[in-house]
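See below for the structure under consideration.
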Amino acid sequence: MIFSAISLAVIAAATAPVFDEAPAPESMAPEAVTLAPTSAQDDPVVEEKPGWEGSFTVGVSITDGNTDIQKASAAMDAVKQLEKDRYTVGLSWNFSEENGVVNQRKTYGKAQYDRFLTEKSYWLVQASAEADKTAGVDLRTTVGVGLGYQVKDTEKFKLSGEAGLSSFSESFTNGMDSDYIAARLAYNWAYLMSDKWSFEQTGVIFPSLEDSDDIYSKIDTRAKASLTDNMFAQLQWVWDWDN
């Protein structure tokens with residue numbers, strides 16, 4: 001029965017009369033569609049946004065015996081570089097205790113924003129805060145503006161200088177507080193000696209514009225040795241001077 005039904009359907013289709021049909025109007029004719037192969041070059045290019053780059057260091061030393069000494073330190077530095085803007089932040093902390101007596105506790109933080117006017121020159125806004133138990137400083141703050149110039153900025157060598165004005169404030173444990181307007185002169189330089197060794201130094205001085213006896217300066221010197229792609233050893237020396 002199934003075979004008969006299929007045969008009849010085929011025969012009916014074969015013997016069906018054929019009528020001449022008028023050609024479809026041009027507007028109804030199907031249009032040819034050409035599909036061009038796509039390539040990776042046609043895909044939109046997504047640019048990666050610059051992120052923060054920096055480092056974090058930590059050190060701990062414990063001596064137990066006739067003399068109990070605990071020492072610890074930590075530091076963080078980060079930079080975000082855009083086409084016209086640059087953000088810089090830094091934090092450091094040092095602590096030392098001997099036989100239960102704290103003989104050093106120092107905390108420092110800084111932040112700076114640079115806006116480039118040309119390829120090498122920029123204006124800046126900076127701020128810093130510091131507390132130093134050894135020096136009897138409860139709080140030392142600076143807030144200022146200025147201009148900077150990049151003398152050299154390559155992967156191997158960097159050198160820049162800055163000049164401006166800052167509001168300088170110091171609060172001491174003994175109550176001898178001071179506030180004044182100071183000039184700010186600073187420099188930054190770094191040298192990549194090899195793929196493993198690098199050396200860098202930053203310095204800043206704040207001479208008072210109201211009293212020549214009020215001067216504060218800080219120099220931060222670091223030598224780094226790369227251990228792996230993400231680890232390094234660092235020797236750091238920070239020198240502070242306040243007359």
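Would you pick out the residues in the range 176-207 that are among the small types (Gly, Ala, Ser), under 18 Å from GLU130 (Cβ atoms) and at pLDDT below 95? Spell out the reasoning first.
Our first condition is that a residue be among the small types (Gly, Ala, Ser); within the range 176-207, this holds for 178, 182-183, 186, 190, 194, 198, 203.
Filter once more, so that each one left must be under 18 Å from GLU130 (Cβ atoms): 178, 182, 186, 203.
SER178, the sole residue that qualifies.
Only residues that are in contact with a Ser or Thr (Cβ under 8 Å, 6 or more places away or on another chain), loosely packed, with under 14 Cβ neighbours inside 10 Å and among the β-branched types (Val, Ile, Thr): list them for the range 186-243, please.
Within the range 186-243, no residue meets the criteria.
Could you tell me whether GLU155 is within 20 Å of GLN201 (Cβ to Cβ), outside any strand (DSSP E or B) and of a type in the set (Asp, Glu)? Write out each step before concluding.
Details: within 20 Å of GLN201 (Cβ to Cβ): yes; outside any strand (DSSP E or B): yes; of a type in the set (Asp, Glu): yes.
Against the criterion (within 20 Å of GLN201 (Cβ to Cβ), outside any strand (DSSP E or B) and of a type in the set (Asp, Glu)), GLU155 qualifies.
Name every residue in the range 188-222 that is more than 21 Å from LEU91 (Cβ to Cβ) and touching an Asp or Glu at 6+ places or on another chain (Cβ under 8 Å), in order of residue number. So that I can check it myself, show each step before the final result.
Let us first name the residues in the range 188-222 that are more than 21 Å from LEU91 (Cβ to Cβ), namely 189, 191-197, 199, 205, 207-215.
The answer is TRP189, TYR191, LEU192, PRO207, SER208, ILE215.
Could you list, in sequence order, the residues of the range 189-213 that are touching a residue at least 24 places away in the same chain (Cβ under 8 Å), within 28 Å of TYR122 (Cα to Cα) and in a loop (DSSP other than H, G, I, E, B)?
LEU209, GLU210
May I ask you to list the residues in the range 167-184 that are under 33 Å from the mean Cα position of the chain (by Cα) and open to solvent by 90 Å² or more (accessible area, probe 1.4 Å)?
ASP179
Taking the conditions exactly as written (touching a strand residue (DSSP E or B) at 6+ places or on another chain (Cβ under 8 Å), touching a residue at least 12 places away in the same chain (Cβ under 8 Å), crowded, with 16+ Cβ neighbours inside 10 Å and not aromatic (Phe, Trp, Tyr)), does THR142 satisfy them or not? Don't jump to the end; show me each part of the working.
Details: touching a strand residue (DSSP E or B) at 6+ places or on another chain (Cβ under 8 Å): yes; touching a residue at least 12 places away in the same chain (Cβ under 8 Å): yes; crowded, with 16+ Cβ neighbours inside 10 Å: yes; not aromatic (Phe, Trp, Tyr): yes.
Yes.
Of the residues that make up the range 129-136, is at least one open to solvent by 30 Å² or more (accessible area, probe 1.4 Å), more than 20 Å from the chain's Cα centre (by Cα) and within 21 Å of TYR113 (Cβ to Cβ)?
no
Residue check, ARG86 against (1) over 18 Å from GLY148 (Cα atoms); (2) out of contact with any Lys or Arg (no Cβ under 6 Å at 6 or more places or on another chain); (3) open to solvent by less than 40 Å² (accessible area, probe 1.4 Å), all met but one. Which one?
The failed condition is (1).
Restricting the range 90-101 to residues that are closer than 19 Å to VAL58 by Cβ and open to solvent by less than 70 Å² (accessible area, probe 1.4 Å), which is nearest to the chain's Cα centre (by Cα)?
The first filter runs over the range 90-101 and keeps only residues closer than 19 Å to VAL58 by Cβ, leaving 90-97.
Still in the list and also open to solvent by less than 70 Å² (accessible area, probe 1.4 Å): 90, 92, 94-97.
Values: GLY90: 10, SER92: 16, ASN94: 22, PHE95: 26, SER96: 29, GLU97: 33 Å.
Top of the filtered list is GLY90.
What number of residues within the range 160-188 satisfy the criterion of being among the small types (Gly, Ala, Ser) and assigned to a loop (DSSP other than H, G, I, E, B)?
As a first pass, look at the range 160-188 and keep what is among the small types (Gly, Ala, Ser): 160-161, 163-164, 166-167, 169, 171, 175, 178, 182-183, 186.
Within this subset, residues satisfying the condition of being assigned to a loop (DSSP other than H, G, I, E, B) are 175.
So the count comes out to 1.
Only residues that are in a strand (DSSP E or B) and of a type in the set (Asp, Glu): list them for the range 99-144, please.
Of the range 99-144, the ones in a strand (DSSP E or B) are 101-116, 121-132, 137-144.
Across the range 99-144, the qualifying residues are ASP114, GLU130, ASP132, ASP138.
The values are calculated or read from the model by the stated rules, or taken from the named source; none is laboratory data. This structure is a prediction, so every number in the text was calculated from the model and none was measured. Glycine gets a Cβ as well: all are built from the backbone with ideal geometry, and neighbour counts include every protein chain shown. All accessible areas refer to the heavy atoms of the entire protein, side chains included, with ligands and DNA or RNA removed. Shrake-Rupley method; radii C 1.70, N 1.55, O 1.52, S 1.80 Å.
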